[in-house]
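What follows is a single structure, written as structure tokens, with notes after it.
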Amino acid sequence: MNQNVNLAGHGSPVGVDIKGVNLSFGSTHVLKGIDLQIKPGEFFAFLGPSGCGKTTLLRLIAGFESCQSGEVLIGDRDVAHLPPWRRDVGMVFQSYALWPHMTVRRNVAFGLEERKFPRAEIGPRVEAALDLVGLLELAERRPSQLSGGQQQRVALARTIVVEPQVLLLDEPLSNLDAKLRIQMRRELRLLQRKLSLTTIFVTHDQEEANTTSDRIAVIEQGIIQQVGSPMELYDQPANLFVANFLGVANVVAGTVSQEGDGLSFRSDDGAVTVALSAAGQGPRSIVFRPQNLTIQPAGQPAPEGLTELAGKVSHMEFLGSVVRYQVTVGPHFLLVDSAHQKGVVPMEEGTDVNLFINNELVIDLPN
Amino acid sequence: MISEIRKHPGQMAVMVLITLFLLAFLVVPVVQVVFVAFMDATTGGFTLLNFKDFFSTALFRESFWNSIYVGGMSVLLASAFAMPLAYFTSRFEFRGGVIIQGLGIIPLIMPPFVGAVAMMMIFGRNGSINLLLEEFLGINIPFMEGLNGVILVESVHYFPFILINLSAALQNIDRAMEESAQNLGCSGMRLYRRIVLPLAMPGYVAGASLVFLKVFDDLGTPLLLNVNNMLAPQAYLRIASIGINDPMGYVISVILVVIAMASMWLAFLALKGKDYATVQKGGGGLAKRRMRPIEMFFAWIIVLIIMTLVLAPHIGLSMLSLGTIWSYSVLPDAFTLDHFRAIFSETPEYMTNTVLYSALAGGIDVILGTAIAYIVLRTKLVGRQWLDYIAMSAVAIPGLVIGIGYLRTFFDVEVPGMDGQSFATWWVAIVIALAIRRLPYALRACSAALTQVSVSLEESAENLGANKLKTVYRIVIPLMAGGILAGFVTSFATAAVELGMTLMLVSKNADGPLAYGIYVYMQSAAGRGPGAALGIFAVLVVGLCTFISHVYVDRRQRALGMKRDD
């Protein structure tokens, strides 16, 4: 790498503040009162299903959409009235958007040329950026002569070479094959650390968000459902949408009521009862993950201190590291993961089984 | 509205300028024509009397029905040429496929009137074919008598519209549609009738209505074949002989426009539902099989006959241009280059005028086309869609009608500083009229090119610091270059051979372009040689430009990865 040019040349990283943003396309209300604070240097993900508004929010920050109310601050600068070309945020597009009529080198130089950098400075900077993404030897190629992964790197180099205050990534991995995607997300993370660049990453893939981001905002129907670190979202989902969207969850609806000293959850049909140490009372749902349950054929001795549920295996899927059983308990279908080891024979469909839950792992949420 | 002007003053100014241009040179002249058709010449009030006069005059009634008859018969004959060719290429692995594709392009290089006289020399009563027929079989077939001649010339020239549309429709049929019918027990002719034909029908109807429109509006061919009892020649003759105040020319113009719009509407309706015929995932096109030898034999015979017919105007024109005297004989008496010498030494202005007018018109068209396409596809200006509609509406206005409209509107407008020169008879009016008339072609080419440019390519430039104007200049225009060039060449090539309008607007020979020159020369037997030489020149210029731009656009698209090698 060219040691004379330091790409992380701008000052300390800046945060992004989004305050009370409302945005509609015609009669469709796309973003509803969004409030978000993204810290300087943070790797932040917008996670949600397609059509939830996450890309619109990103484009709003970049200046390609404008909101009816609310403000967007980058650093302490209100950018609401700035056109895209004055915002100094770098965006990597889902399609990469490399210009087919320019070579890789010309693509990467574009932003510096627009910023009126002296010619003598553009060359070394472009080479440093291409070196950073490992594509220096392909500088004279046209985008159409590159593979998907290489195009992605060029798009990234083209954006970071101008040293933007904020880096925006719009589903940057969605056009890559599975193996490359895992490699690229690691590289993205490393690069972001190296440049300590405030980065916002839009994805619908929870694994991508979990593996790259410091914090995630889960968005659904134009509303931020929850903000937190990947583990917080998984372990303490704020609502049923977040619980279901991140990972696989068993959800049972019922009521929590006082029973003796403690609280007890009882499903509407009575098939599932679980003692809870702390919970809200009234109509609630309980959530637990497949790996929170253990499964045994009926008739074997029960472990101590766990709640027992009797059921029957209705379906079995082999996922490699685990065997996932679907167990019928009354009217409920509960998913149970059982670690798989070589030589272990799985239980057949129709087997009577007992399930055990550790009550401490059960989460209760409002319906 | 006010806030929009404030937000994008530049975009708004461009849109206003273009709108004014279209209003002045397209809308106002055409509205004038319609206005005069419904105006009482003495009182200036509204009247239907002109139309009543039109339909109560025997000559006009006959002309009306003749035009309809010629249009209909040309569609039938063109279908007879196109259908077997489309069938061979879509159904069989046929070596002649390349020839058929070529056949689809050759006639379009030259408008029908150019070859009309040449066709007369070959198929006329004393033409090559009938001389041979009389000598060997003692018969004379009236291929070119009266309306027959117009029908033959027009269908030989315009059948590619049906061929291209029908072939495209057939090729777009998903093979799975055919296979699922076979899977359900349907095959052979039944499959053709129940699945293939209904799916290809929209393409056919679109092509057929285009042919009808072209034939119905054509002025040059009937004039050159001396068939005057049709609508377009009547309109021209009335204006040319009686003057621009005679209402009949305007009445005919209105009828031409109405019929043209009706056939465009038909084509539009036919293609509107074409979505269901497009290729889905998997194999495209119908299953093709090898021909049996006997089938191959007949297929080649049919292809060769049609090829000969299609090439006849070109062969005839070449012989006319190179022949000394060609009269009452199968071939010219001797060959010479004198006619070419003549056009270069005596009337070079026809060629220089054409290159000047067409290049200017093509230039105006791509500038307007690019600007309109950008405004429609990339801005949110109110009324932008109307700009597109107005510009495109020129497609339904026959050149003759635009010519009449210009005469009526601009005859009394003097060009400042030119000492009483009327704008209508100034050469610049010809350029503007050509540009207006060919704008739809350039606009569609530019729109298609801009549609191919992904918006994210522009957004990424803006994101990296380029403003709108800079983005247009550095990203949009370079990426549209191929389409802009294609639009320029189409406008240039078709403007170079436009006759109907130029006939109305050319006031002196020195201002005349090629098409006008061909018409003037072909009036006399002695002028046929030089006229044909001009025709050959036109064919070469148009053909070469089209070929070069095609090669260039294709290469560029491959280089940019916008088109993959198949």
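The values are calculated or read from the model by the stated rules, or taken from the named source; none is laboratory data. Fair warning: this is a prediction, and the values are worked out from it, not measured in the lab. Backbone-built Cβ (ideal geometry, glycine too); neighbour counts: all protein chains shown.
Specify which of the listed residues (B:97, B:72, B:44, B:102) is of a type outside the set (D, E, K, R), within 22 Å of the chain's Cα centre (by Cα) and modelled with pLDDT under 80. Before you say what the answer is, go through the steps one by one.
Details: B:97 fails: within 22 Å of the chain's Cα centre (by Cα); B:72 fails: modelled with pLDDT under 80; B:44 fails: within 22 Å of the chain's Cα centre (by Cα).
Answer to the selection: B:102.
Please determine whether any residue of region B:410-433 is surrounded by 24 or more Cβ atoms within 10 Å (Cβ to Cβ), touching a residue at least 40 places away in the same chain (Cβ under 8 Å), more than 14 Å from every other protein chain (Cβ to nearest Cβ) and of a type outside the set (A, V, I, L, M, F, W, C).
Scanning region B:410-433, I find no residue that is surrounded by 24 or more Cβ atoms within 10 Å (Cβ to Cβ), touching a residue at least 40 places away in the same chain (Cβ under 8 Å), more than 14 Å from every other protein chain (Cβ to nearest Cβ) and of a type outside the set (A, V, I, L, M, F, W, C), so the answer is no.
Kindly evaluate residue B:184 against the criterion of being in contact with a helix residue (DSSP H, G or I) (Cβ under 9 Å, 6 or more places away or on another chain), on the phi < 0 side of the Ramachandran plot and either surrounded by fewer than 21 Cβ atoms within 10 Å (Cβ to Cβ) or not aromatic (Phe, Trp, Tyr) (or both).
Numbers: in contact with a helix residue (DSSP H, G or I) (Cβ under 9 Å, 6 or more places away or on another chain): no; on the phi < 0 side of the Ramachandran plot: yes; either surrounded by fewer than 21 Cβ atoms within 10 Å (Cβ to Cβ) or not aromatic (Phe, Trp, Tyr) (or both): yes.
Considered against the rule, which asks whether it is in contact with a helix residue (DSSP H, G or I) (Cβ under 9 Å, 6 or more places away or on another chain), on the phi < 0 side of the Ramachandran plot and either surrounded by fewer than 21 Cβ atoms within 10 Å (Cβ to Cβ) or not aromatic (Phe, Trp, Tyr) (or both), residue B:184 comes out as no.
Could you tell me whether any residue of region A:38-61 is in contact with a helix residue (DSSP H, G or I) (Cβ under 6 Å, 6 or more places away or on another chain), over 28 Å from residue A:242 (Cβ atoms) and aromatic (Phe, Trp, Tyr)? Give the derivation first.
Going residue by residue through region A:38-61, those that are in contact with a helix residue (DSSP H, G or I) (Cβ under 6 Å, 6 or more places away or on another chain) are A:43, A:45-48.
This time we only want the ones that are over 28 Å from residue A:242 (Cβ atoms), so: none.
Within region A:38-61, not a single residue is in contact with a helix residue (DSSP H, G or I) (Cβ under 6 Å, 6 or more places away or on another chain), over 28 Å from residue A:242 (Cβ atoms) and aromatic (Phe, Trp, Tyr).
Can residue A:73 be described as more than 14 Å from chain B (Cβ to nearest Cβ), of a type outside the set (Phe, Trp, Tyr) and either farther than 15 Å from residue A:203 by Cα or buried (at least 23 other Cβ atoms within 10 Å of the Cβ) (or both)?
Criteria met by residue A:73.
Would you point out the residue of region A:143-172, among those that are surrounded by fewer than 22 Cβ atoms within 10 Å (Cβ to Cβ) and among the small types (Gly, Ala, Ser), that is farthest from the other protein chains (Cβ to nearest Cβ)?
A:149
Quick one: in region A:106-120, which of the residues that are more than 8 Å from chain B (Cβ to nearest Cβ) and farther than 15 Å from residue A:143 by Cβ is surrounded by the most Cβ atoms within 10 Å (Cβ to Cβ)? Break it down stepwise before answering.
Here is the first cut: in region A:106-120, the ones more than 8 Å from chain B (Cβ to nearest Cβ) are A:106-109, A:112-113, A:116-120.
Pick out the ones that are also farther than 15 Å from residue A:143 by Cβ and you get A:112-113, A:116-120.
Values: A:112: 23, A:113: 16, A:116: 7, A:117: 17, A:118: 7, A:119: 9, A:120: 7.
Among them, the one singled out is A:112.
Mind checking which residues of region A:78-105 are under 25 Å from residue B:452 (Cα atoms), facing chain B (nearest Cβ under 10 Å) and more than 27 Å from the chain's Cα centre (by Cα)? Outline the logic, then answer.
Taking region A:78-105 as the starting set, the residues that turn out to be under 25 Å from residue B:452 (Cα atoms) are A:83-85, A:90-105.
This time we only want the ones that are facing chain B (nearest Cβ under 10 Å), so: A:83-85, A:90-102.
Answer for region A:78-105, where residues must be under 25 Å from residue B:452 (Cα atoms), facing chain B (nearest Cβ under 10 Å) and more than 27 Å from the chain's Cα centre (by Cα): A:83, A:85, A:99, A:100, A:101, A:102.
Output yes when any residue across region B:452-465 is hydroxyl-bearing (Ser, Thr, Tyr) and in contact (Cβ under 8 Å) with a residue 24 or more places away in the chain, and no when none is. Walk me through how you get there before you give the answer.
At the first step, the residues of region B:452-465 found to be hydroxyl-bearing (Ser, Thr, Tyr) are B:454, B:456, B:460.
Filter once more, keeping what is in contact (Cβ under 8 Å) with a residue 24 or more places away in the chain: none.
For region B:452-465, residues hydroxyl-bearing (Ser, Thr, Tyr) and in contact (Cβ under 8 Å) with a residue 24 or more places away in the chain: absent.
From the list A:65, A:114, which one is in the same structural domain as residue A:36 (by TED's automatic domain parsing), farther than 27 Å from residue A:204 by Cβ and of a type in the set (D, E, K, R)?
None of the other options fit; the residue is A:114.
Which strands (runs of 3 or more DSSP E) sit wholly inside region A:285-367 and have at least 2 residues that are small (Gly, Ala, Ser), modelled with pLDDT of 90 or more and touching a Ser or Thr at 6+ places or on another chain (Cβ under 8 Å)?
Correct list: A:307-318, A:332-339.
Answer yes if at least one residue in region B:240-257 is at pLDDT 85 or above, crowded, with 24+ Cβ neighbours inside 10 Å and of a type in the set (Ser, Thr, Tyr), and no otherwise.
The answer is yes, given that some residue of region B:240-257 is at pLDDT 85 or above, crowded, with 24+ Cβ neighbours inside 10 Å and of a type in the set (Ser, Thr, Tyr).
If you go through region A:121-142 one residue at a time, do you hit one that is more than 9 Å from every other protein chain (Cβ to nearest Cβ), in contact (Cβ under 8 Å) with a residue 12 or more places away in the chain, buried (at least 19 other Cβ atoms within 10 Å of the Cβ) and basic (Lys, Arg)?
Within region A:121-142, one or more residues are more than 9 Å from every other protein chain (Cβ to nearest Cβ), in contact (Cβ under 8 Å) with a residue 12 or more places away in the chain, buried (at least 19 other Cβ atoms within 10 Å of the Cβ) and basic (Lys, Arg).
I'm told residue A:32 meets every condition in (1) farther than 29 Å from residue A:146 by Cβ; (2) within 12 Å of chain B (Cβ to nearest Cβ); (3) basic (Lys, Arg) except one. Can you identify the failing condition by its number?
Every condition holds for residue A:32 apart from (2).
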